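Reading through the C-alpha cells given below for one structure.
The values are calculated or read from the model by the stated rules, or taken from the named source; none is laboratory data. Because the structure is predicted, anything quoted here is derived from the model rather than measured. Note that we place each Cβ from the backbone using ideal geometry, even for glycine, and neighbour counts take in every protein chain shown.
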Amino acid sequence: MRRALLLALGAIVLGGCAGAGTQAPVGVQPQALQLPYVYRGSLEIEGNRVSSTLRIQQTGAALTSRLTSVDLGMDAAGIGSVNGSEVDFMMAYGAACRGTARLVGRIAETTFDYTGRINASDCTGEAEGSFTFSPEPPR
C-alpha cells in the first residue's frame, strides 16, 4: 500500500500540471519561472536543523535536482515541476535504507528564496519538517 502511494505520488509529479490552470492567449507563451542553479540552506526535520545544498538543472518548466546534506549523510536526486511560484520535487535517496523525499514550496518573487515543507520516508519510518534555501550568488 505504502509503495503504491509513493508510486502514485511519483506519477503525479512526473505528470506535472499539464492542462491545468489558465490558457495563455494565442501566440503568447506562458512565462516559466527560471531558477538559480545552486541553493544553500537548511532542513528542519523533527526539531533538528541540518545544513543542506540543493542543485537544480532547469529546462523550461522541467527540473532535475540533487539534495545533499553532509550532516545527514544524504544524497538525494530526482525530478521536479514548476507551477507559477510553486516548486515540487520528488527525490530518491539511500543505498542500504532506500527512501523518498518530497519538497513542496514557493519561490519568493524578488529574492528567489525557496521555502516549504519536506516529507520523507525510508526503512526507518516517516518524517516531516520544513526547509529554507537561498540562491547562491553567481561566481
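Scanning the range 115-139 for residues that are aromatic (Phe, Trp, Tyr) and modelled with pLDDT under 95 returns no hits.
Within the range 54-74, restricting attention to residues that are surrounded by 15 or more Cβ atoms within 10 Å (Cβ to Cβ) and over 16 Å from Val104 (Cα atoms), which residue is modelled with the lowest pLDDT? Per the criteria, the residue is Leu72.
Note on the range 110-139: among residues that are over 17 Å from the mean Cα position of the chain (by Cα) and closer than 21 Å to Ser81 by Cα, the one that is surrounded by the most Cβ atoms within 10 Å (Cβ to Cβ) is Thr111. Is it true that some residue in the range 28-38 is part of a loop (DSSP other than H, G, I, E, B), of a type outside the set (Ser, Thr, Tyr), farther than 20 Å from Ile107 by Cα and modelled with pLDDT under 80? Yes, the range 28-38 has at least one match. The number of residues in the range 65-121 that are assigned to a strand (DSSP E or B) and out of contact with any Lys or Arg (no Cβ under 9 Å at 6 or more places or on another chain) comes to 13.
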